[in-house]
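This report refers to the structure that appears directly beneath it.
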Amino acid sequence: MSNTGNMSDTKVQRILKGISSRRATLLKEYPNLASQVQEIKSIIANNLQESVEKAVSSLKGKGCHVIIAKDAAEAQEQILKILAGNQRVALSKNPVFSEIALKDFLTSKKVEVFDTDLGERVAGTKVDVHPWIASINTSIPDKEWVAQVKDEIKQQVAHMQYGITGAEAIVEQNGTIALLESEGNVRFTSNLPYNHIVVAGIDKIVPSLEDALAVCRAISVYGMGKDILKYISFISGPSRTADIEFRMVQGMHGPKEVYVILLDNGRFCAAENQQWDLLKCLHCGGCLVDCPNYLNEGLERGYYYIGKRTDVLAAFLEGTKQAEVADCKDCSLCNKNCPTGIKV
Ligand code: SF4
């Protein structure tokens with residue numbers, strides 16, 4: 001039975017309608033946003049190998065440790081190695097963690113994964129229903145509860161050695177990592193522990209800082225109908241200061257070590273086979289907002305990536321699943337509302 005129910009459907013419809021209408025208004029202000037993002041993605045797609053090499057060199061230049069993981073298993077093993085026997089880690093929400101099944105893997109290795117995302121905690125959801133909204137159908141108990149949970153999370157994370165986040169963009173030119181969020185938990189997951197581990201697909205590389213900002217704006221406008229989400233963090237390597245005697249000290253008010261795991265997991269192959277379109281996705285959720293099927297079954301079905309093209313992407317990445325788009329009504333609203341012009 002559907003967990004959306006009649007009452008909840010009304011709530012879901014109201015939320016999605018609000019996003020849709022705000023997005024339409026904002027797009028009048030940013031008429032070139034989609035073409036800007038499409039150009040950014042094309043530049044990277046056509047020079048992927050070179051872009052990865054440049055990004056690796058820039059990241060290392062900023063003092064980050066960089067690992068290219070060819071698949072999910074290698075990314076998992078590398079993270080375990082970095083954790084160096086630590087039994088607890090703070091984790092923010094990002095679709096890439098589902099792609100590499102990180103929580104299950106770490107749990108199987110007796111590492112306690114501490115979720116810092118409030119929505120995930122409240123929903124306790126087993127599926128990723130939307131990249132930005134952990135649950136549309138769960139209520140927050142009350143304001144005092146939120147304040148208490150927030151304090152608990154922060155206190156716990158402040159005493160942890162490792163925090164893991166995804167990234168919305170990685171700048172090839174200067175190795176800056178862009179994190180976008182509404183809640184603020186990504187910021188402190190990356191900032192409070194002594195070690196920050198970033199996991200990002202190689203498709204997240206963008207040429208410049210301006211391009212990273214354009215990607216963040218596209219995610220905000222298309223997925224949430226917001227000009228920009230509450231917080232953007234730009235991180236350029238470990239925290240450092242030369243305030244005293246001009247002597248460099250690393251790890252002052254932020255992490256001492258930053259590890260960046262760049263995930264291939266079929267992306268190089270997709271680019272070589274001219275299938276890069278599948279990987280241009282920003283995970284903004286824009287294709288879901290007006291989708292009639294999302295309301296009917298998408299909320300329940302979930303998948304680590306979302307929208308109509310998830311079936312195609314799943315078939316490609318896993319090599320086993322068949323693309324199933326039989327339920328699609330071919331309204332093409334997903335195509336119309338995709339900032340990167342993905343057409344499925
Ligand atoms: S397919 Fe397009 S609209 Fe859908 S999440 Fe990806 S970038 Fe956003």
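The values are calculated or read from the model by the stated rules, or taken from the named source; none is laboratory data. Being a predicted model, the structure only gives us computed values, none of them experimental. Note that we place each Cβ from the backbone using ideal geometry, even for glycine, and neighbour counts take in every protein chain shown.
Could you tell me whether any residue of the stretch 63-73 is in a helix (DSSP H, G or I), within 26 Å of Ser182 (Cα to Cα) and touching a residue at least 40 places away in the same chain (Cβ under 8 Å)?
no
Examine the stretch 170-189 for a residue that is within 17 Å of Glu50 (Cα to Cα), of a type in the set (Gly, Ala, Ser) and more than 16 Å from the ligand (Cβ to nearest atom), and state whether such a residue exists.
The answer is yes; a qualifying residue exists.
Being within 16 Å of the ligand (Cβ to nearest atom) and not in a loop (DSSP other than H, G, I, E, B): is that true of Ser220 here?
yes
Residue-by-condition table, conditions (1) modelled with pLDDT of 85 or more; (2) more than 16 Å from the ligand (Cβ to nearest atom):
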| site | (1), (2) |
| --- | --- |
| Gly225 | yes, no |
| Leu229 | yes, no |
| Arg247 | no, yes |
| His253 | no, yes |
| Asn293 | no, no |
| Glu297 | no, yes |
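Which of the residues belonging to the stretch 172-211 are within 30 Å of Asp151 (Cβ to Cβ) and either over 16 Å from the mean Cα position of the chain (by Cα) or assigned to a helix (DSSP H, G or I) (or both)?
Asn185, Val186, Arg187, Phe188, Thr189, Ser190, Asn191, Leu192, Pro193, Tyr194, Asn195
Count, please, the residues in the stretch 137-173 that happen to be of a type outside the set (Phe, Trp, Tyr), at pLDDT 90 or above and surrounded by 14 or more Cβ atoms within 10 Å (Cβ to Cβ).
Final tally of qualifying residues: 17.
Out of all the residues in the stretch 204-242, which are buried (at least 23 other Cβ atoms within 10 Å of the Cβ), among the basic types (Lys, Arg) and touching a helix residue (DSSP H, G or I) at 6+ places or on another chain (Cβ under 7 Å)?
none
Can you tell me which residue among Leu59, Leu106 is in contact (Cβ under 8 Å) with a residue 40 or more places away in the chain and outside any loop (DSSP other than H, G, I, E, B)?
It is Leu59.
When the residues of the stretch 273-291 are narrowed to those that are within 14 Å of the ligand (Cβ to nearest atom), at pLDDT 80 or above and outside any helix (DSSP H, G or I), which ends up surrounded by the most Cβ atoms within 10 Å (Cβ to Cβ)?
Checked the stretch 273-291; the qualifying residue surrounded by the most Cβ atoms within 10 Å (Cβ to Cβ) is Cys284.
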